[in-house]
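Asker: My structure is below; once you've seen it, I'll send some questions.
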Amino acid sequence: MKRSLRISKNLYGNLRQIGVLAVALLCSPNAIAQTAEWSVPPTYTHLTPYNGNAYKYYSGSQVGLLDLSGHVVFQAQYDSITDFTAGYALALKNEGANYLLRGIIRQQAQQYVMQQVTEPYYVTRYHAYFSEEKMAVCNKDGVFGFIDTSGHLVIPFAFSTAHPFFDGRASVKRVGNKQNVFYINSSGKVMQVE
């Protein structure tokens, strides 16, 4: 019993001495921090993996895309690039409560391709994605319609609210009609609900 107690005391004493020595070395005036210099200065504010085969890169508050080898796919000129949903992502500029749609991104043969959108279409924070090849967008007056995946308006602006398509229909409310919500089909025709 005395022998194991002596070993424990010796072990504790040795560990204590090592700890004191480590603290003394680290706090010593002779311990000098090393500095490093960049061989290539950093270009980006932030990098984030994107879709498994690219990176979102941030330059200040703007975002763009890089491929895995570091080549710029899309310049950092957007406020947001969404994740892919139903095969498409969006390049957006922040415009207050909504986002101005600047491009529709799709992946084609291991490359990203962007269809530029020049019309002033806005998406809401809650429905910024395509569903059944259509997406609800609004004009600058806040009136909703639907575009297709190439950025063309396929259902005219006529709704005060519009939700994504599901099972071939979308719930909408006409401008000026504060109470009645109804469904439209993929060509914009009112559907009878049973």
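None of the figures in this text is laboratory data; all of them are computed from the coordinates on show. Remember, it's a predicted structure, so these values are computed and weren't measured experimentally. Please note: Cβ atoms are built from the backbone with ideal geometry, for glycine as well, and neighbour counts cover all protein chains shown.
Asker: Counting other Cβ atoms within 10 Å, keep those with at most 13, restrict to DSSP loop, and tell me which trypsin sites (Lys or Arg not before Pro) in the stretch 118-157 are left.
Answerer: Counting only loop positions with at most 13 other Cβ atoms within 10 Å, the trypsin sites (Lys or Arg not before Pro) in the stretch 118-157 are R125, K140.
Asker: Right, something else. Where Lys and Arg each count +1 and Asp and Glu each count -1, what net charge lies around E95 among other residues with Cβ under 15 Å from its Cβ?
Answerer: Once positives and negatives cancel, what remains is +1.
Asker: Taking H as built 1.01 Å from N, whose amide H comes closer than 5 Å to the amide H of V175, not counting residues under 5 places away?
Answerer: Amide H neighbours of V175, under 5 Å, 5+ apart: F159, S160.
Asker: Non-local amide H neighbours of K134 (under 5 Å, H modeled in plane, Pro and chain starts lacking H): which ones?
Answerer: Here the answer is none, since no amide H 5 or more places off falls under 5 Å of that of K134.
Asker: Here is a follow-up. List the chymotrypsin sites (Phe, Trp or Tyr not before Pro) within the stretch 101-134 that DSSP assigns to loop and that have no more than 14 neighbouring Cβ atoms inside 10 Å.
Answerer: Qualifying residues, ordered by number: Y126.
Asker: So if I place +1 on the C-beta of Lys and Arg and -1 on the C-beta of Asp and Glu, and nothing else carries charge, what would the dipole magnitude of the stretch 137-194 be about its Cα centre? I want it in debye, nearest 20.
Answerer: Here the stretch 137-194 has a charge dipole of around 200 debye.
Asker: Cβ under 15 Å from Y44's Cβ, Y44 left aside: what net charge do those residues give with Lys, Arg +1 and Asp, Glu -1?
Answerer: Residues near Y44 contribute 0 overall.
Asker: Let me check I've understood the local charge: for A54, count other residues with C-beta under 12 angstrom from its C-beta, Lys and Arg +1, Asp and Glu -1. What total comes out?
Answerer: Cβ neighbours under 12 Å give a net charge of -1.
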